[in-house]
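Following: one structure in structure tokens, then a few remarks.
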Amino acid sequence: MATGHADPQRRERILAATLDHIADEGVAGVSHRRIAARAGVPLGSMTYHFSGIDELLRDAFTRFADHIVAVFEHHLGRAETPEQVREAVTDLVHALSEGPRRDLVLAHELYTLAARRPEYRELTQAWMRRSRVLLEQHFDPVTARQLDALIEGLALHRSLDGEPHSRELTRLAVTRLTAVPS
């Protein structure tokens, strides 16, 4: 195995292996030994790069949150008109619900940690703030907050339902929530 100097991507491989492991086996199965084996790095690399399991999990979940925010940016960044934004949000819901099952599992593993431990709640709150900032480029803060919850709820329901709801139903929900009252 390469030394840390010859392997500048080692820390990133460890984080990727951690997320893969969590997606396959859950947070409860994370250990330095298991992650090192999965990443193909010496066990000592774990304590060289991370002070403990909590830092490893926080950094891995931060990486995951960055990925999901990038998905939001990809969809919302192209939209300019209100109709384009509604279509982008509809696309986003379907991209999240039809995307890798891994992302769904990782999100719920993080939410479970956040429900139990404040330091992970801070991480999820930062993630939600970033999502809402992107939505607030198109909607007022109250609508952005509601829309963020709608995106998450619709994506979850679509991904777990045996017969996921249609794109038209998603579009209708987004339109109802974002319509300007007359």
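The values are calculated or read from the model by the stated rules, or taken from the named source; none is laboratory data. This is a predicted model, so every value here is computed, not measured. We place every Cβ from the backbone using ideal geometry, glycine too, and count neighbours over all the protein chains shown. Remember, those area values only see protein heavy atoms, side chains included, never the ligands or the DNA or RNA. Shrake-Rupley method; radii C 1.70, N 1.55, O 1.52, S 1.80 Å.
Screening T90 with (1) at pLDDT below 95; (2) crowded, with 19+ Cβ neighbours inside 10 Å; (3) under 23 Å from L147 (Cα atoms) gives one miss only, at (1).
For the stretch 111-128, name all the residues that are of a type in the set (A, V, I, L, M) and either part of a loop (DSSP other than H, G, I, E, B) or open to solvent by 30 Å² or more (accessible area, probe 1.4 Å) (or both). Write out each step before concluding.
Taking the stretch 111-128 as the starting set, the residues that turn out to be of a type in the set (A, V, I, L, M) are 113-115, 123, 126, 128.
A115, A126, M128, listed by residue number.
Against the list (1) open to solvent by 30 Å² or more (accessible area, probe 1.4 Å); (2) β-branched (V, I, T); (3) in contact (Cβ under 8 Å) with a residue 60 or more places away in the chain, the condition I22 fails is (1).
Tallying residues that are open to solvent by 80 Å² or more (accessible area, probe 1.4 Å) and under 28 Å from L57 (Cα atoms) within the stretch 129-147 yields 4.
Pick from the stretch 148-160 the residues that are touching a helix residue (DSSP H, G or I) at 6+ places or on another chain (Cβ under 7 Å) and hydrophobic (A, V, I, L, M, F, W, C): which of them is surrounded by the fewest Cβ atoms within 10 Å (Cβ to Cβ)?
Step by step, filter the stretch 148-160, then rank; the result is L150.
Out of the stretch 93-105, which residues are surrounded by fewer than 14 Cβ atoms within 10 Å (Cβ to Cβ) and closer than 16 Å to H165 by Cα?
So in the stretch 93-105, the residues surrounded by fewer than 14 Cβ atoms within 10 Å (Cβ to Cβ) come out as 98, 100-101.
If the condition is that a residue be surrounded by fewer than 14 Cβ atoms within 10 Å (Cβ to Cβ) and closer than 16 Å to H165 by Cα, then E98 is the only one that fits.
When the stretch 81-101 is filtered for residues that are in contact (Cβ under 8 Å) with a residue 40 or more places away in the chain and over 10 Å from the mean Cα position of the chain (by Cα), the ones remaining, listed by number, are P82, V85, R86, E87, V89, T90, L92, V93, H94, S97, E98, R101.
Yes or no, residue by residue, for (1) over 13 Å from the mean Cα position of the chain (by Cα); (2) in a loop (DSSP other than H, G, I, E, B); (3) on the phi > 0 side of the Ramachandran plot; (4) modelled with pLDDT under 95:
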{"site": "R130", "(1), (2), (3), (4)": "no, no, no, no"}
{"site": "T143", "(1), (2), (3), (4)": "yes, no, no, no"}
{"site": "L150", "(1), (2), (3), (4)": "yes, no, no, no"}
{"site": "A155", "(1), (2), (3), (4)": "no, no, no, yes"}
{"site": "S159", "(1), (2), (3), (4)": "yes, no, no, yes"}
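Of the set (1) touching a Lys or Arg at 6+ places or on another chain (Cβ under 7 Å); (2) under 26 Å from M128 (Cα atoms); (3) modelled with pLDDT under 95, all apply to L15 but (3).
Pick from the stretch 161-182 the residues that are assigned to a helix (DSSP H, G or I) and free of Cβ contacts under 8 Å to residues at least 12 places away in the same chain: which of them is least open to solvent (accessible area, probe 1.4 Å)? Full working, then the answer.
Applying the first criterion (assigned to a helix (DSSP H, G or I)) to the stretch 161-182 yields 167-178.
If we keep only those that are free of Cβ contacts under 8 Å to residues at least 12 places away in the same chain as well, we get 168-169, 172, 176.
On the way: E168: 108, L169: 90, L172: 73, R176: 176 Å².
Looking at residues that are assigned to a helix (DSSP H, G or I) and free of Cβ contacts under 8 Å to residues at least 12 places away in the same chain, I get L172.
Is it the case that A88 is touching a His at 6+ places or on another chain (Cβ under 8 Å), under 30 Å from L160 (Cβ atoms) and outside any helix (DSSP H, G or I)? Even if it seems obvious, please write down each step before you answer.
On the way: touching a His at 6+ places or on another chain (Cβ under 8 Å): yes; under 30 Å from L160 (Cβ atoms): yes; outside any helix (DSSP H, G or I): no.
Against the criterion (touching a His at 6+ places or on another chain (Cβ under 8 Å), under 30 Å from L160 (Cβ atoms) and outside any helix (DSSP H, G or I)), A88 does not qualify.
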